[in-house]
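First the structure, in the form of structure tokens, and then the observations on it.
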Amino acid sequence: MISRLKALICAVSAVAAMALATDRAAAQSGAPIKIGFSMAMTGGLAANGRSALLAQKIWEEDVNARGGLLGRPVKLIYYDDQSNPATVPGIYTKLLDIDKVDLLIGPYATAQIAPAMPIVIQRNKLFIALLGLAVNSEFDYPNYFVMIPSGPDPKPAFTKGFFDIAMAQAPKPRTVAIVAADQEFSRNGSDGARENAKKAGLRIVYDKTYPPSTTDFAPIVRAVAATNPDLLVICSYPPDSVGLVRSINEIGFKPKMVGGGMVGLQATALKAQLGAALNGFVNFDFWLPVPKIDFPGIDTLLQKYQARAQAEGVDPLGYYMAPWGYAQLQVMAQAIEATKSVDDRKLADFIRTNSFKTVLGDIKFGKGGEWAQSRVLQVQFQHIKGNDLGQFRDISTQVVVTPAQYKSGEVIYPFEKAK
């Protein structure tokens with residue numbers, strides 16, 4: 001009797017599941033809503049780009065499992081920009097003219113977003129970019145929005161916390177060196193660092209850029225060391241960040257604080273690769289498993305992401321890119337559902353004047369499409385031993401030292417004490 005009852009329950013469940021699947025398929029009877037973008041799937045930005053892409057694919061699956069948007073399935077159409085800004089204009093032209101996408105979102109990284117902007121502006125398209133620093137300061141395009149927590153004054157936001165920590169020490173530092181890659185993000189970041197240094201009353205003793213093709217960073221580090229700065233601010237992209245960390249350790253250069261704006265040190269694979277060489281560096285980050293920013297939905301996303309990360313060959317934890325790639329499309333979806341439209345103007349008007357619930361908490365956009373409020377973290381690497389990935393799963397080796405409301409520990413100062 002019990003076995004017959006179990007069989008009957010299983011049969012009813014199977015019928016119900018088939019009916020639900022049929023209902024969802026029927027609900028998605030229209031042509032797909034096509035959302036197009038480029039992504040760094042190869043090249044120097046690929047570690048971060050591919051991590052974001054996995055989260056975006058999870059968003060696509062989640063939305064379609066719930067019946068799509070406006071009764072239509074959603075389809076992401078994307079191409080590899082090879083981490084090369086020169087490829088971006090052609091990709092966005094193809095997306096609009098050949099693929100006939102309904103909507104665009106931005107690629108990952110400042111250097112990739114900027115070359116897409118002229119096409120976006122010419123076609124009057126809504127554009128939600130991904131982790132671009134102060135891109136719209138050059139264009140002032142009203143339909144641009146960006147998923148990055150640098151806030152209404154983006155250039156100095158990346159390194160403000162770095163300077164705040166340094167100036168709270170006793171004795172106070174008096175000099176600073178600034179090193180930056182000659183690319184859009186790094187130039188914007190170093191502009192902000194100069195502004196922060198001026199406000200802090202620091203004397204800049206070294207301020208130079210290096211070509212993005214640089215592979216030997218020892219001459220740069222030696223030149224900086226010769227000026228004997230108290231602080232060293234670095235604004236760099238992933239390959240440079242690795243080279244600079246290694247050179248600083250090999251040469252034995254020990255300013256009182258070093259870091260600030262180094263992209264790449266957020267990636268789990270690079271953290272594990274560099275290991276104890278990272279100890280003492282203070283650098284920006286956007287999300288870590290700190291209780292006050294453990295927002296609803298982010299655990300579910302990361303569980304799905306981490307279950308697939310190894311097979312996809314991406315960052316095993318996904319802390320840096322996954323929440324941003326997913327939230328970027330959550331904003332788009334909520335605007336579509338609220339306006340019942342895929343019209344770029346209507347969507348942009350809605351995004352400009354409303355807030356959004358995402359895996360990164362409540363988001364509201366302000367001037368220039370930037371976040372209305374800044375939430376850039378500064379994190380110090382401490383007590384790293386060996387190259388085990390597991391030590392980066394929590395915040396024991398990556399201590400949030402600012403802002404105060406998210407702080408998880410104290411800075412070790414000067415840099416030499418953390419080595």
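The values are calculated or read from the model by the stated rules, or taken from the named source; none is laboratory data. Bear in mind that the values here come from a model prediction, so they are computed numbers and not experimental data. Heads up, the Cβs are rebuilt from the backbone with ideal geometry, glycines too, and the neighbour counts pull from every protein chain shown.
What to note about this one:
- Strands (runs of 3 or more DSSP E) completely within the range 330-419 that count 3 or more residues being touching a strand residue (DSSP E or B) at 6+ places or on another chain (Cβ under 6 Å) and modelled with pLDDT of 95 or more: 361-364, 377-381, 398-402
- The range 114-126 - residue that is touching a residue at least 60 places away in the same chain (Cβ under 8 Å) and either outside the structural domain of Phe37 (by TED's automatic domain parsing) or not in a loop (DSSP other than H, G, I, E, B) (or both) and, of those, farthest from the chain's Cα centre (by Cα): Ala116
- Residue list for the range 297-308, filter: surrounded by fewer than 20 Cβ atoms within 10 Å (Cβ to Cβ) and in contact with a Leu (Cβ under 8 Å, 6 or more places away or on another chain): Gln306, Arg308
- Scanning the range 309-366 for residues that are touching an Asp or Glu at 6+ places or on another chain (Cβ under 9 Å) and among the aromatic types (Phe, Trp, Tyr) yields Tyr319, Tyr320, Tyr326, Phe356.
- Considering the conditions (1) out of contact with any helix residue (DSSP H, G or I) (no Cβ under 7 Å at 6 or more places or on another chain); (2) buried (at least 23 other Cβ atoms within 10 Å of the Cβ); (3) not in a helix (DSSP H, G or I), Phe284 is excluded by exactly one of them, (1).
- Only listed residue being under 23 Å from the mean Cα position of the chain (by Cα), surrounded by 17 or more Cβ atoms within 10 Å (Cβ to Cβ) and of a type in the set (A, V, I, L, M), chosen from Ile248, Ile293: Ile293
- Total residues in the range 127-175 satisfying the condition of being in contact with a helix residue (DSSP H, G or I) (Cβ under 6 Å, 6 or more places away or on another chain), part of a loop (DSSP other than H, G, I, E, B) and surrounded by fewer than 24 Cβ atoms within 10 Å (Cβ to Cβ): the figure is 6.
- Answer residue from the range 238-283, given it is touching a Lys or Arg at 6+ places or on another chain (Cβ under 9 Å) and among the polar types (S, T, N, Q) and is farthest from Thr397 (Cα to Cα) among those: Ser247
- Within the range 316-341, residues that are at positive phi and touching a residue at least 12 places away in the same chain (Cβ under 8 Å) reach partners that are outside any loop (DSSP other than H, G, I, E, B) and among the polar types (S, T, N, Q) with beta carbons closer than 7 Å, at six or more positions or on different chains, in the pairs Gly318/Ser51; Gly318/Gln306.
- Members of the range 142-173 found to be over 20 Å from Lys208 (Cβ atoms) and more than 21 Å from the chain's Cα centre (by Cα), listed by number: Pro142, Asp164, Ile165, Ala166, Met167, Ala168, Gln169, Ala170, Pro171, Lys172
- Only one of Ile298, Ile251 that is assigned by TED's automatic domain parsing to the domain that holds Leu389 and of a type outside the set (Phe, Trp, Tyr): Ile251
- Tally, over the range 248-271, of residues that are of a type outside the set (Val, Ile, Thr), in a helix (DSSP H, G or I) and in contact with a Pro (Cβ under 9 Å, 6 or more places away or on another chain): 2
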